[in-house]
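**Student:** Submitted below is the structure of interest, expressed as structure tokens.
The values are calculated or read from the model by the stated rules, or taken from the named source; none is laboratory data. The model shown is predicted, which means the values in this text are computed figures rather than measured ones. Every residue, glycine among them, receives a Cβ derived from its backbone with ideal geometry; neighbour counts consider all protein chains shown. The accessibility values were calculated without ligands, DNA or RNA, using every heavy atom of the protein model including side chains. Shrake-Rupley method; radii C 1.70, N 1.55, O 1.52, S 1.80 Å.
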Amino acid sequence: MERIMVIGVSAGVGKSTFARRLGDHLNIEVYHLDTFYWKPGWVEAPLEDFISAQKEVVTHDKWIMEGNYSHSFNLRSELADTIIYLELPLRVCLYRVIKRFLSNLGKTRTDMAKGCNEKLDWEFIKFIISTYFPRKKEMKIKLADLQKSDPEKVIVMLKSKPDIEGYLLNMKG
């Protein structure tokens, strides 16, 4: 396990926290895709810059990349030896997004680009709700297809808080 993708069903599922903890256990640097995608003031980076930043990371021997971003999924998944997918109930994801907003009010999280202070708006809530179930279905298919095309690739699906904690505990050795 040296080139790891951490993806999830939704915002708030715990991708960043999981990746950070996994990186600590394995002593592998973690890259948060949000830091590549967003520029100060919540301005989207040009797609070519976003892709270029990821292409640079995948040249490293070891990496953990955290984030969904479907338009660069294949770039990461082809080079990852391990894909870890997190899936928690929608209500948990929504609760965590609201909690994260309240606890980071006026601040920029470490897994976010500089100058992108925490924000929460109705559009983001609608996005989470409207994409949750389709993404859940899509990820099941996408991961099954990946496993068929590359049986050597390790795909881990963690679908509860105890599963997630247990996985991280096992990484400690």
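**Student:** Computed from the mean reciprocal separation of all distinct C-alpha pairs, what Kirkwood hydrodynamic radius does segment 115-173 have, in Å?
**Tutor:** 14.6 Å
**Student:** FRET efficiency for residue 153 and residue 39, Cβ-Cβ distance as r, R0 = 35 Å, nearest 0.05? Walk me through the numbers before you get to the answer.
**Tutor:** Details: r = 32 Å, r/R0 = 0.92.
It comes to 0.60.
**Student:** Shifting gears a bit: If you line up the Cα atoms of segment 46-112 on their principal axes, what length do they span on each, largest first, in Å?
**Tutor:** Dimensions of segment 46-112 along the principal axes of its Cα atoms: 37, 27, 22 Å.
**Student:** Oh, and also: Averaged per residue, what accessible area in Å² does the chain show with a 1.4 Å probe, protein chains only?
**Tutor:** 55 Å²
**Student:** Report, for the chain, the % of DSSP beta bridges that are antiparallel, rounded to 5.
**Tutor:** Numbers: 2 of 20 bridges.
Taking every DSSP beta bridge within the chain, about 10 percent pair in antiparallel fashion.
**Student:** Could you work out the helix-only [θ] at 222 nm for the chain, with each DSSP H run of four or more residues adding -39,500 (n - 2.57) and the total divided by the number of residues, to the nearest 500 deg cm²/dmol? Don't jump to the answer; show the numbers that get you there.
**Tutor:** Details: 7 runs with 89 residues, N = 173.
The helix-only estimate for the chain comes to -16000 deg cm²/dmol at 222 nm.
**Student:** While we're looking at this one, here's another question. Could you tell me what percent of the accessible area of segment 26-163 is made up of carbon and sulfur, with a 1.4 Å probe and every protein chain present?
**Tutor:** Carbon and sulfur atoms account for 57 percent of the accessible area of segment 26-163.
**Student:** May I pose another question? Please list the radius of gyration and Dmax for segment 1-71, considering alpha-carbon atoms only, with Å as the unit.
**Tutor:** In Å, with Rg to one decimal and Dmax whole: 12.2, 35.
**Student:** Calculate log10 I(q)/I(0) of the chain for q = 0.08 Å⁻¹, where I(q) comes from the Debye formula with a single equal point scatterer on each Cα and nothing for solvent.
**Tutor:** With no solvent term, the Cα-only Debye profile gives -0.23.
**Student:** Still on this structure: Spin-label point model (7 Å from Cα, Cβ direction): what's the residue 61 to residue 108 distance in nm?
**Tutor:** 3.2 nm
**Student:** Extent of segment 82-125 along each principal axis, from alpha carbon coordinates, in Å, largest to smallest?
**Tutor:** 30, 27, 19
**Student:** May I pose another question? What is the sum of charges, Lys and Arg at +1 and Asp and Glu at -1, for the other residues whose Cβ falls under 12 Å from the Cβ of residue 90?
**Tutor:** Once all neighbours under 12 Å are counted, the net charge is +3.
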